[in-house]
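The values are calculated or read from the model by the stated rules, or taken from the named source; none is laboratory data. Everything quoted here is computed from the prediction, not taken from an experiment. Note: ideal-geometry Cβ built from the backbone for every residue, glycine included; neighbour counts use all protein chains shown. Just the protein is used for accessible areas: all its heavy atoms, side chains included, with ligands, DNA and RNA removed. Shrake-Rupley method; radii C 1.70, N 1.55, O 1.52, S 1.80 Å.
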Amino acid sequence: MTLSLEASAVTVAYPNGHTALRDASFQLRSGTIAALVGVNGSGKSTLFKTLMGFVKPVSGSIRIAGGTVEQARKLKLVAYVPQTEEVDWTFPVSVWDVVMMGRYGHMNFLRIANAEDKRMVNESLARVGMTEFKDRQIGELSGGQKKRVFLARALAQNGQIILLDEPFTGVDVTTEEAIITLLRSLRDEGRIILVSTHNLGSVPEFCDHVVLVNRTVLASGPLEDVFTEDNLNRAFGGVLRQFHFESSTIQDHDGKTVKLLTDDERPLVFGKDGHLEYKDRTERQELVNKRIEEVGE
Amino acid sequence: MNWLAPLQYPFMVEALLVSALVGTVCAVFSCYLILKGWSLMGDAISHAVLPGIVIAYMLGLPLAVGAFAAGLLCALSVGWIKSSTRIKEDTVMGIVFTGMFALGLVLFTKVQTDAHLNHILFGNILGIEREDMIQTLIASAATLIIILLKRKDLMLFCFDVAHARAIGLNTALLHYLLLALLSSTIVASMQAVGIILVVAMLVTPGCTARLLTDRFDRMLLIATASSVLACCLGVYASFFLNAATGACIVLAQAAMFAGAMLWKNMRSPRAQAGT
């Protein structure tokens, strides 16, 4: 079995007549971290629901590892890491209990954990660095720890396709980097990671593939080809706020000292003609050093 | 006053045993009901069973069968109306259960007045008839066995439906199973406290336990202990107070909850101030 995810001409309509996705097609190969980018209501969550088999397309098809969504569900191939807001954090379960839920599909009728289940849970907890918190009630965790628990559940499930919904909301920078490192190691094992996000600045840092959606798939392909100013303008259709430094009131006489504050999200910076200035922190630092040298000369 | 006097009467001993069993079923189920957020559904279904009971009585069927069918009908029609209109679920429930309860009351006056049906509204565990007791025992045992066998699946269903589905559980089936268990729990407890007060049995033990623990397994145990204690206390107190047994049981449940709340507030004043 080679892992792959393939949507061909998928159209999804809800019983109330609303067409959430029309003629959406994209392909992801084994060992990919893909960003699913689009505004609210663009069909990101509908696409997730379709991949998990909660809603059936009225036309078109989805193939997971060469089989149907239903077959993938039986094999527990698709794991879902929910948005923080979707979870009832007051629910009386511990970190261990939640990660063990990832094993339920592999257990017998009575869901009694065997040695293998416990080993997988321990291993998953260790991998996300949450072993010492295993007896905490889930509401007693920080934002980043909460995310890691549900990632551990996806690992315990041994999901080969992992869907993450807004993984960086309410997460501090250190945890964000830890999660990104983990996602990269999962990619290197050949899994497919699909991340739904509207945090554009973080996309170039950890994704190698981008699927742009706006009621359909506008573009899908390698980051360099798809994540362009033109495409993003099409996907966000004027919803995106833009700040043009060249027309800023602060010009040369201030030595171009401009401070830009955003609340939580990292800004996405395009250079002239819409090329990406840098992908992550390291590249940014290199760029800054280079510029300093240039000025020095 | 002789404190052991009630135990000299076989009907009291029977009532204590039956109410302890009913209390156990209700306690276990209440943990799922409150975590799923279905308390209002519990109230709705408990009222909606009335027409089913009256019709079953008129047809000479076991009352439990009519009650169970009417409870399920209420749940299914709420789901159907919600999905085919834009009305919110709690509003739909308000319409469906009052409608069905009113139908039950109208049917009730049409059939010949019989104390038997009155017992359904307010409970009559001290004078429970053999046939009703057997129905109560069967409903209790069946409900309890099914919940305990499927307790982990039901817990996951209450916690995270999306994950339950993703790992291959049949969530539609679990949804209807939980509704069916709700109806059968109501059937089991209506002889003890009557359908008007059944909702107290369906939510209070779970809430009491939830105050005292944040682990699900312990919550099941604490709920069961508090509910069995409340049921026995209620039956016992009603003997001396000469008051309605169902009401006494529900009062004891409420007292348990109040006690748990007091105990918790005294134990962690800082935690209370912090939230």
Identify all residues within the range A:108-130 that are surrounded by fewer than 18 Cβ atoms within 10 Å (Cβ to Cβ) and away from every other protein chain (no Cβ under 12 Å); write none if there are none.
-> A:ASN114, A:ALA115, A:GLU116, A:LYS118, A:ARG119, A:ASN122, A:GLU123, A:ALA126, A:ARG127, A:GLY129
B:LEU107 meets each of (1) open to solvent by less than 30 Å² (accessible area, probe 1.4 Å); (2) in a helix (DSSP H, G or I); (3) hydrophobic (A, V, I, L, M, F, W, C) with one exception, condition (1)
Could you check A:GLY105 against (1) assigned to a helix (DSSP H, G or I); (2) open to solvent by 20 Å² or more (accessible area, probe 1.4 Å); (3) out of contact with any Ser or Thr (no Cβ under 9 Å at 6 or more places or on another chain) and say which number it fails?
-> (2)
Of the residues that sit in the range A:63-86 and are open to solvent by less than 60 Å² (accessible area, probe 1.4 Å) and touching an Asp or Glu at 6+ places or on another chain (Cβ under 7 Å), which one is nearest to B:PHE159 (Cα to Cα)?
-> A:PRO82
Scanning the range A:131-172 residue by residue, the ones that are more than 15 Å from the chain's Cα centre (by Cα), away from every other protein chain (no Cβ under 12 Å) and not aliphatic (A, V, I, L, M) total 9
Can you tell me which residue in the range B:185-209 is nearest to the other protein chains (Cβ to nearest Cβ), limited to those that are open to solvent by 10 Å² or more (accessible area, probe 1.4 Å) and assigned to a loop (DSSP other than H, G, I, E, B)?
-> B:LEU197
Find the residue count for the range A:23-68, including only residues that are among the charged types (D, E, K, R) and away from chain B (no Cβ under 14 Å).
-> 4
Right, A:ARG284: modelled with pLDDT of 70 or more, of a type in the set (Lys, Arg), closer than 24 Å to A:ASP172 by Cα and out of contact with any Lys or Arg (no Cβ under 6 Å at 6 or more places or on another chain) or not?
-> yes
Is the range A:203-217 home to any residue that is within 14 Å of another protein chain (Cβ to nearest Cβ) and either aromatic (Phe, Trp, Tyr) or part of a helix (DSSP H, G or I) (or both)?
-> no
Does B:ALA252 count as surrounded by fewer than 20 Cβ atoms within 10 Å (Cβ to Cβ) and without any contact (Cβ under 8 Å) to a residue 60 or more places away in the chain?
-> no
At least 1 residues that are among the basic types (Lys, Arg) and touching an Asp or Glu at 6+ places or on another chain (Cβ under 7 Å) in each: list the helices (runs of 4 or more DSSP H) lying fully within the range B:1-97 that qualify.
-> B:63-84
Residue list for the range A:108-128, restricted to those being in a helix (DSSP H, G or I) and of a type in the set (A, V, I, L, M) | A:ALA115, A:MET120, A:VAL121, A:LEU125, A:ALA126
Set B:LEU40, B:LEU73, B:LEU33, B:LEU137: member being of a type in the set (A, V, I, L, M), under 30 Å from A:THR90 (Cβ atoms), open to solvent by 50 Å² or more (accessible area, probe 1.4 Å) and at pLDDT 90 or above | B:LEU40
